[in-house]
Amino acid sequence: MGGTVEFCAMCGIVGYVGPQRAQDVVIDGLRRLEYRGYDSAGVAVVHDDALWMAKRAGKLENLEKVLAEEPLPAAGVGIGHTRWATHGPPNDANAHPHAGEARRVAVVHNGIIENFAELRDRIEADDHAFLSDTDTEIAAHLIELQVQSGVDLTEAMRRVCQQLDGAFTLVAVDAHDPERVVAARRNSPLVVGLGEGENFLGSDVAAFIEHTREALELGQDQIVTLTRDAVQVTDFWGRAAEVTRFHVDWDLSAAEKDGHDWFMRKEIFEQPRAVADSLIGRRGADGLLQLDEMRLADEEIRELDKIIIIACGTSFYAGMVAKYAIEHWTRTPVEVELASEFRYRDPILDSTTLVVAISQSGETADTLQAIRHAREQRARVLAICNTNGSSIPRESDAVIYTHAGPEIGVASTKGFLTQLVACYLLALYVAQVKGTRYGDEIDEIVAQLEAIPSQIESVLEQAESIYGLARDHVGARSVLFLGRHAGYPVALEGALKLKELAYLHAEGFAAGELKHGPIALVEQGLPVLCVVPPRGRDQLHGKMISGIQEVRARGARTICLAEEGDAAIEPYADELIRLPKVPVLLQPLVAIIPLQLFACELATLLGHDVDQPRNLAKSVTVE
Ligand code: AGP
């Protein structure tokens, strides 16, 4: 076929073998993975020596309507897919699964097969017709040719994977082998769920958490064969492979909405718990901070002379906050860099550099490639991550897990807050090892962190009045956010939330930078949300007030977030949201909450899909 080729880049994948009706297990799994992509969805089952497939462009509900009218036959083996396309139109033909020429093998795929064109040319010459524009279809044809030659599906998958370039998770079924699902993984996520008399595959554990909490994380270039009673893992060349088993410590209710209209709103309200969970078990019997999974020796930490934080989007803003805390508490220089830019500037790294990669999903391709580059330069890499078994922690020297529980809403909320907590803990741990802060100072900050969950609760109690503010601004065409110091990344994150959810022009600025250009944007009635630093010995508070005066004098409508008891702000705030009193470095933990609520509510009022905003996907597995 000519035209633009369709690549499926980040997508959700489900596989099942067992006694239940495969169609139902697969659709339930896809529902929980839909945040990964929602351009099209499809399912295939094996019954009576034949493949049965259904697929539709658009959200999963479109496929569910088709299946409600015409269910697939009851079968014990099935695969499914929900897709986020990178090129060309998402339509029924390009939806996965894809089948081979004889419709014997069906395949779902996440990733990009880079040499698909060359492989396709090779078999098109043998009269193979392709029904889609996808790179995936070639894999279905090739695997099918292998099983037709007499090898089993596992061996067929191995032989084909050896020919493929690129990043992929492939899951396949063979109509003549109704007892088995086979999958392959290279640079793209896949986990196995271990059941009793049944087994599962998913892009992440949310796909099967309803059925089992026992899981296996697969490594690079591995093939897994699932039958009802066995799971066998080898590498692409058939050698037995090592896998890590883990227990998922959150349950189904964590992956459901619990009465909220959106996962995002539920996740905002879960933040007190998420922060508390991220702090549990961080002190040893001797009272010293301990980071269990932190596999860096004290000697290595003492020798560190530079820390570089790499991340994308919201995680990058968490990194910007971390810079203030790490430099202040440890006196170690910190650079913060967008992961997508990092390796292209030829960064100066060596074994005394610690690279900290922050990623909620653990699968962001830009961040993954950046840590690979860092390790090639002999830097030590520490991941701050929320997803067990994901690629970034697996490829890092050390990890701090954030314990936010599953974050389903595409817009990150509790992921961000728990990343901040992990960054503060890292900073304090380095300070403890390097001796740049006294033990009692560290204890005091940890105690302040432990007080944060109840302080977040007090901000959440103001939700109704923040929703009122959102109602007042439904007609806004543009919104600015101002902050200083650790409040500056909060302003950037507040603006990002509004952009991605409400599709509004929103910009965050360092308040001191306004007069150097951005103030020209201010016009009568423009809403400006201002994150006011706590009053302290420094001049930050006063300088912020000057910035607020400047925009107000030019007609802006100021919505100020300021700590309890701050009377100096009152004359300059058209609206005031009170924040609990916390130290300046920890203020992002409470200041971001009203901005999340504001964006969530405004987007809801505008009629947008808050959990699945247009053009986005939760986990961005393409560069
Ligand atoms: C957050 O609201 C965004 N959807 C996005 O910026 C996200 O933070 C970014 O893609 C990084 O993801 P990660 O933390 O999973 O690496």
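At-a-glance table
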quantity	calculated
Other-chain or far-sequence residues with amide H under 5 Å of C560's (modelled H)	C530, D574, E575, L576, I577
Helix 463-472 vs. the chain, principal-axis angle (Cα, 0 to 90°, nearest 10)	90
Calculated P(r) tail over 22 Å for the stretch 457-605, as whole % of Cα pairs	30
Among 417-424, 20-27, the order from most to least packed when residues are scored by Cβ within 10 Å on average	417-424, 20-27
Proximal aspartates and glutamates to K515, defined as alpha-carbon separation beneath 13 angstrom and excluding residues fewer than eight positions away on the same chain	E550
The stretch 273-379: radius of gyration over Cα atoms, expressed as a fraction of 2.2 N^0.38 Å	1.12
Largest-first principal axis extents of the Cα set of the stretch 539-623 (Å)	45, 30, 25
Convex hull of Cα atoms in the stretch 402-508, direction-averaged projection (nm²)	8.3
Restraint check, K65/K618; K65/K257; K266/K414, Cα-Cα greater than 19 Å	K65/K618; K65/K257
Radius of gyration, Dmax [the stretch 230-303; alpha carbons; angstrom]	19.7, 50
Residue-count net charge about G197 - beta-carbon cut-off 9 Å; Lys, Arg +1, Asp, Glu -1	-2
Cα centroid separation, the stretch 168-247 to the stretch 278-314 (Å)	32
Convex hull of Cα atoms in the chain, direction-averaged projection (nm²)	28.4
Mean shadow area of the stretch 12-250, taken as a quarter of the surface of its Cα convex hull (nm²)	11.6
Equivalent ellipsoid, the stretch 267-450 (semi-axes from 5 times Cα gyration tensor eigenvalues, Å)	23, 21, 14
Nearby aspartates and glutamates by direct alpha-carbon distance to K499 (threshold 17 angstrom, same-chain neighbours under 8 apart not counted)	E507, E601, D609, D611
As computed over the stretch 207-261, the Cα convex hull volume per residue (Å³)	107
Viscosity 0.890 mPa s, temperature 25 °C, Stokes-Einstein D of the stretch 334-431 from Kirkwood C-alpha radius, µm²/s	180
Partners for K306 among lysines (Cα-Cα distance below 20 Å; same-chain residues under 8 apart left out)	K323, K434
Calculated [θ] (222 nm, deg cm²/dmol) that DSSP helices of n ≥ 4 give over the chain, each run adding -39,500 (n - 2.57)	-10500 deg cm²/dmol
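Each reported figure results from applying straightforward, stated rules to the coordinates on display, with no laboratory input. Predicted model, so just to flag it, every value in this text is computed and none were measured. Every residue, glycine as well, gets a Cβ built from its backbone with ideal geometry; the counts of neighbours run over all protein chains shown.
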